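**Q** One structure, as structure tokens, below. Some questions next.
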Amino acid sequence: MATFTENKHTTQQKTFRAAPMVWGLKTVFVNLYFVAEPDGSWVLIDAGVYGSKTRIKEAANQIFGSDARPKAILLTHGHFDHIGAVKELAEEWDVPVYAHPMELPYLTGRSSYPPPDPSVGGGMMAYMAFMYPKQPINISQYLELLPQDGSVPGLPSWKWVHTPGHTPGHVSFFREEDRTLIAGDAFITRKGESAMAVLTQERKVHGPPMYFTPDWAAAQHSVEKLTSLNPEIAATGHGLPMTGNELRSQLDSLVKDFWMVAVPDSGRYVNAPAIADEYGVVSVPPDKSNTVPKALAVAGAVTLAGIALAALSKRNKKNSKIKKQRPYSHNRVMHTTPVDYEDPLANTNNYP
Ligand SMILES: [Zn+2]
Ligand SMILES: [Zn+2]
């Protein structure tokens, strides 16, 4: 169990115990994890939303004692809600930040992620648009590559597993001895788009957040990979930890019914993925969902039943305004020949 040291000068941070020697902290709507080894050393996995540096530091000091400093920061992926405080923390703690090579373009200022797909119901992710960075973060000076042999710097009891789909270089972390899994956003334990699920603390296995997932074939393969690890405990980027048979049976169902329950009915990336390489996004399927009636229909079908149509239409106007301000298209790297979307291999073969 966590033993919290008394510190009258800081606010108690509400961490939750996810597994032995794994503590979670929720910043607004996303989790990050403090993971310790038996010798008392520890690492931080992910870095929350912008502005959470102090909260993360205070939580670390509560768990590990004052002036606690990790051996490293590890990133499941580089989405804005997982890297908010990474630069400040890396600087302050003077520690390296480890990520997968395919995630590097989005962490070195080289490429933006593929644009999100608002047609699948952005929900609270759309509301969070004000938090999206205006350009890709650049933390080159702290970045290191995860070792190719699957070992995890600072965590000798863990392995990393490449779980692309939600992002090209998404990784999960697995501790074989008690089969604890930190899955990032490869799958999550509450409905990613639903603000209501955040409030009600619903605990159920879901596919990766739809709004930000640009390769569904790869995402399914990744969930399959994680399910085959037969995890006993899963702690994810969004939602509460799940364990045992409840976890495994829901993961089995998710793998089996993935295209029915996890993949949106329609949307920009359903039939063709965004293509990325080590330099960033190469191409994205055309944005075919930019019509008001369809956006209204989707928004209506998602979680907001009961809200007046007028409110929806207002929201959609707001969303489209936000969308226009997004910088993604300016940062895309377009340097290979156009991709043939009819080619079945193009859907699965785009991550070397
Ligand atoms: Zn994400
Ligand atoms: Zn996330």
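The values are calculated or read from the model by the stated rules, or taken from the named source; none is laboratory data. Small disclaimer: the values here were computed from a predicted structure and weren't measured. Cβ sites come from the backbone with ideal geometry, for glycine too, and all protein chains shown count toward neighbours.
**Q** Considering only residues that are surrounded by 23 or more Cβ atoms within 10 Å (Cβ to Cβ) and over 26 Å from PRO101 (Cα atoms), look in region 57-83 and name the one that is farthest from the chain's Cα centre (by Cα). Write out each step before concluding.
**A** Taking region 57-83 first, the residues surrounded by 23 or more Cβ atoms within 10 Å (Cβ to Cβ) are 59-60, 62, 73-79, 81-83.
Narrowing further to those that are over 26 Å from PRO101 (Cα atoms): 59-60, 62.
Numbers: ALA59: 21, ALA60: 21, GLN62: 25 Å.
Among those that are surrounded by 23 or more Cβ atoms within 10 Å (Cβ to Cβ) and over 26 Å from PRO101 (Cα atoms), it is GLN62.
**Q** Only one of GLU202, GLU232 is modelled with pLDDT of 95 or more and more than 16 Å from ligand 1 (Cβ to nearest atom); which?
**A** Only one candidate qualifies: GLU232.
**Q** Looking at this structure, is ARG248 touching a Pro at 6+ places or on another chain (Cβ under 7 Å) and not polar (S, T, N, Q)?
**A** Answer is no for this residue.
**Q** Only residues in region 76-90 that are away from ligand 2 (no atom under 14 Å from the Cβ) count as the first member; pair them with residues that are hydroxyl-bearing (Ser, Thr, Tyr) and at pLDDT below 95, Cβ under 9 angstrom, at least 6 apart or cross-chain, and list the lot.
**A** Hits for this filter: ALA85/THR27; ALA85/TYR50.
**Q** Of all strands (runs of 3 or more DSSP E) completely enclosed by region 1-111, which ones contain at least 2 residues that are closer than 22 Å to LEU155 by Cβ and among the β-branched types (Val, Ile, Thr)?
**A** 22-27, 30-36, 42-45
**Q** Can you run down the residue pairs with Cβ atoms below 6 Å, 6 or more apart or on separate chains, where the first is in region 160-186 and among the aromatic types (Phe, Trp, Tyr) and the partner is at pLDDT 95 or above and within 13 Å of ligand 2 (Cβ to nearest atom)?
**A** Final answer for the pair search is PHE173/ILE182.
**Q** Write out, first by first residue and then by second, each pair whose Cβ atoms fall under 6 Å of each other, whose residues are 6+ apart or on separate chains, and whose first residue, in region 127-144, is at negative phi and charged (D, E, K, R) while the second is surrounded by 13 or more Cβ atoms within 10 Å (Cβ to Cβ) and modelled with pLDDT of 70 or more.
**A** Partner pairs satisfying both residue conditions: GLU144/PRO96; GLU144/TYR98.
**Q** Then there's this: Would you mention how many residues in region 173-191 are of a type in the set (Lys, Arg) and within 13 Å of ligand 2 (Cβ to nearest atom)?
**A** The total comes to 2.
**Q** When the residues of region 153-179 are filtered to those that are crowded, with 18+ Cβ neighbours inside 10 Å and of a type in the set (Ser, Thr, Tyr), which remaining residue is farthest from SER111 (Cα to Cα)?
**A** SER172
**Q** Name the single residue, out of those in region 33-56 being of a type in the set (Ser, Thr, Tyr) and within 15 Å of ligand 1 (Cβ to nearest atom), that is surrounded by the most Cβ atoms within 10 Å (Cβ to Cβ). Before you say what the answer is, go through the steps one by one.
**A** In the first step, residues of region 33-56 are kept if they are of a type in the set (Ser, Thr, Tyr); the result is 33, 41, 50, 52, 54.
Going one step further and asking which of them are within 15 Å of ligand 1 (Cβ to nearest atom), we end up with 33, 50.
Numbers: TYR33: 26, TYR50: 17.
Applying the filter and picking the extreme gives TYR33.
**Q** Does GLN13 count as over 15 Å from the mean Cα position of the chain (by Cα), polar (S, T, N, Q) and modelled with pLDDT of 95 or more?
**A** Working: over 15 Å from the mean Cα position of the chain (by Cα): yes; polar (S, T, N, Q): yes; modelled with pLDDT of 95 or more: no.
Against the criterion (over 15 Å from the mean Cα position of the chain (by Cα), polar (S, T, N, Q) and modelled with pLDDT of 95 or more), GLN13 does not qualify.
**Q** All but one of (1) more than 16 Å from ligand 2 (Cβ to nearest atom); (2) not in a loop (DSSP other than H, G, I, E, B) hold for PRO231; state the number of the condition that does not hold.
**A** (2)
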